[in-house]
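In what follows, a single structure is set out as structure tokens and then discussed.
Every number here is computed from the coordinates shown, using simple stated rules; none is lab data. This is a predicted model, so every value here is computed, not measured. We place every Cβ from the backbone using ideal geometry, glycine too, and count neighbours over all the protein chains shown.
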Amino acid sequence: VNMTSRVTSQKNTGVPGVKNIIAVASGKGGVGKSTVSVNLALALSKTGAKVGLIDADIYGPSIPIMFGLENERPKATQENGKTRIEPIEKFGIKLLSIGFFTDPNQPVPWRGPMVSTAVKQLFNDADWGELDYLVVDLPPGTGDIHITVTQSFPVTGAVIVTTPQNVALADAKKGIGMFMMPAINVPIMGVVENMAYFTPEELPDNKYYIFGQGGGKKLAEILDVPFLGEIPLIKGISDSGDAGRPIVLDEDSVMTTAFMEMARRVAQQV
Ligand code: ADP
Ligand code: MG
């Protein structure tokens, strides 16, 4: 597969100063979208790019916890009747999450149009400055938020996260199908196989294929989209997410190498 041919140089994202919007999606929940979004964003930033991250998972925002920013509230000002939101900056990334504006202890009982307005505000009303990449962590599935984001902004490309398990692959296929629909038409930058195998900390050379082997790679081959790499199920990844210090920040981790390679494959396509 010629990975450079899929995404035509897309420099008008509809968000002033933002060169590329990268949507991270999956069919199923809990497969590692947020983990991939966060570490991919940081990996892109480590290559020297200016990176922003939007957590658009309105019903289950994870970015505040993963960056250790649970109690942060972005500054918002009114200017000539317009709201300006200041993204929060951490580890060199500019961040906004729906979670910064809602009570973490309360469910979000919003209907479609409200959700749509809120998500658009994260793009339009924030001072993103100059960004090479704005990574968007989407909710699972193919719902309102996906339609809002892809219809409101020319998304440069989508990164699809799946586990090797059949139920996840089937949903990932639907997710890919949605982006490929003529009315949506977002190029698929590739598939990430997360939880590709399990490696216990005390047996680092052992690989257990608990969700099956190679399913994500196979899906990429069948659909003729790039494969962006496999990420094992390791305790360090969930621990670092909960601790608010994503694993890519750890120079010694083998995961850093894997996410840097993923970032390289994404950067190749813009
Ligand atoms: P999603 O955004 O798709 O719902 P998350 O990124 O929140 O998924 O991941 C779901 C849970 O699995 C989180 O607790 C996360 O820390 C954990 N997790 C994700 N990927 C891995 C991995 N490769 N190894 C270990 N834990 C992981
Ligand atoms: Mg998530």
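At a glance:
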quantity: Amide H within-cut-off set for residue 157, under 5 Å, with H built and near neighbours excluded; calculated: 21, 23
quantity: For 28, 120, order by how many other beta-carbon atoms lie within 10 Å, fewest first; calculated: 120, 28
quantity: Length added when fully stretched, residue 117-residue 89, from 0.36 nm per residue minus Cα-Cα; calculated: 7.8 nm
quantity: Sparse-neighbour loop sites [GluC sites (Glu not before Pro); region 146-249; at most 10 other C-beta within 10 Å; DSSP]; calculated: 201, 202
quantity: Set of aspartates and glutamates with alpha-carbon distance to residue 173 below 14 Å, sequence-local pairs under 8 removed; calculated: 193, 221, 224
quantity: Packing-based exposure ordering (other Cβ within 10 Å, fewest first) of 79, 261, 89; calculated: 79, 89, 261
quantity: R0 of 22 Å, Cβ-Cβ distance residue 166-residue 203: FRET efficiency to nearest 0.05; calculated: 0.25
quantity: Centroid-to-centroid separation of region 200-270 and region 11-43 [C-alpha atoms, Å]; calculated: 16
quantity: Antiparallel bridges, percent of DSSP beta bridges restricted to region 44-135 (to nearest 5); calculated: 45
quantity: P(r), alpha carbons of the chain - 10 Å bins starting at zero, rounded %; calculated: 7, 32, 38, 19, 4, 0, 0
quantity: Cross-link table 50/82; 82/120; 50/174; 94/120, entries beyond 23 Å C-alpha to C-alpha; calculated: 50/82; 50/174
quantity: Whole-Å distance, taken between Cα centres, linking region 145-169 and region 87-133; calculated: 18
quantity: Counting DSSP beta bridges with both ends in the chain, the antiparallel % (nearest 5); calculated: 20
quantity: Added length on full extension, which subtracts the Cα-Cα distance from 0.36 nm per residue, residue 75 to residue 257; calculated: 62.0 nm
quantity: Unit charges on C-beta of K, R, D, E only; dipole of the chain, Debye; calculated: 820
quantity: The chain: DSSP helices with Cα axial extent of at least 15 Å and average Kyte-Doolittle hydropathy no lower than -0.5; calculated: 33-46, 112-124, 166-180, 254-267
